[in-house]
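The values are calculated or read from the model by the stated rules, or taken from the named source; none is laboratory data. Here the structure is a predicted model, which is why all the values come from computation and not from measurement. Heads up, the Cβs are rebuilt from the backbone with ideal geometry, glycines too, and the neighbour counts pull from every protein chain shown. What goes into the accessible areas is simple: the full protein's heavy atoms, side chains included, and nothing from ligands, DNA or RNA. Shrake-Rupley method; radii C 1.70, N 1.55, O 1.52, S 1.80 Å.
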Amino acid sequence: MLNKDKDPYASVWELDFTTRAAKLKNGHLIDPAYQSKIESRVSDYFRYFNFNAGNIIFAAPKIYGAVREPLQLYISELQELFQKKGLNFNFELLCNEDFQEKIFNVVTALSNSVSDTSELFMRSIQMYNLFAEDKQPVGLPKSPVKAKELPADFKGSEVIKIGALVRSSFNRLITNDLITEQEVERLQRGDYSKKTFNINFPVIKKIDHTFSMTEQRNVNGHSRFYADPYEINGTEYLLCNDWYEKPSRSYFEAWLRRIDETK
């Protein structure tokens, strides 16, 4: 906002005041009254766009204790400030172990099932994996960056949308040969899928190459299966895409735990 207005105070706003030395050096530059006006403008911005609630996350892979502790204090103060202005935002700091569990592990777990590679980190992981089997220069790792084999209840799974969780989980289960032939047969049944997952279509559908993929994906004119096929024991299947958070997630996670326990 300050950069857009070409406000010179932006250079002050961007300064790091977390250390005592920084406060002694640059503290005289702070204009409390002007900062209060800026905070009011931010509040007006949220109100104008009807943003009265939500989650705001500050994320960094590594923050040392000397910085993390005062930063956590400032975030708490920021949340109190927002609440005083009638804005119900939840502020959260994700760093170190939390960053690994809730961001890094989640993103790498999904890297094989995400087709949109516009995000730089995702593209980097996929590109590295693409060439990982080729000859590497001396000193560089020769194995691909692989997602952890994460169970259904791993910390961070709650931030993955149900559709992405289903796709990434099936990739893992198939790769590790954890779905039995009996379970494959059951997953093709509508009654089993409704009872086990609370969805209205079979979880998987065997591909019939005498019909077009569009015809096989559609049910009553609506696409109910993902376009990318999944190969299980040499046979190709389509995976149902008709998943919803509240009615389906708890069912799917319970099934996933049961499958994982049979390892």
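Values computed for the structure shown
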read-out: Segment 162-232, accessible area per residue, ligands and nucleic acids excluded (1.4 Å, Å²); value: 55
read-out: Exposure rank, largest accessible area first [VAL166, VAL219; 1.4 Å]; value: VAL219, VAL166
read-out: Accessible area of segment 51-109 divided out per residue, in Å², using a probe of 1.4 angstrom; value: 60
read-out: FRET E, pair LYS6, ASN52, Förster distance 30 Å, beta-carbon r, rounded to 0.05; value: 0.55
read-out: Nitroxide proxy distance, nm - points 7 Å out along Cα→Cβ at LYS246 and ILE38; value: 4.1
read-out: At R0 = 30 Å, FRET efficiency that the Cβ-Cβ distance of ASP31 and LEU78 yields, to 0.05; value: 0.95
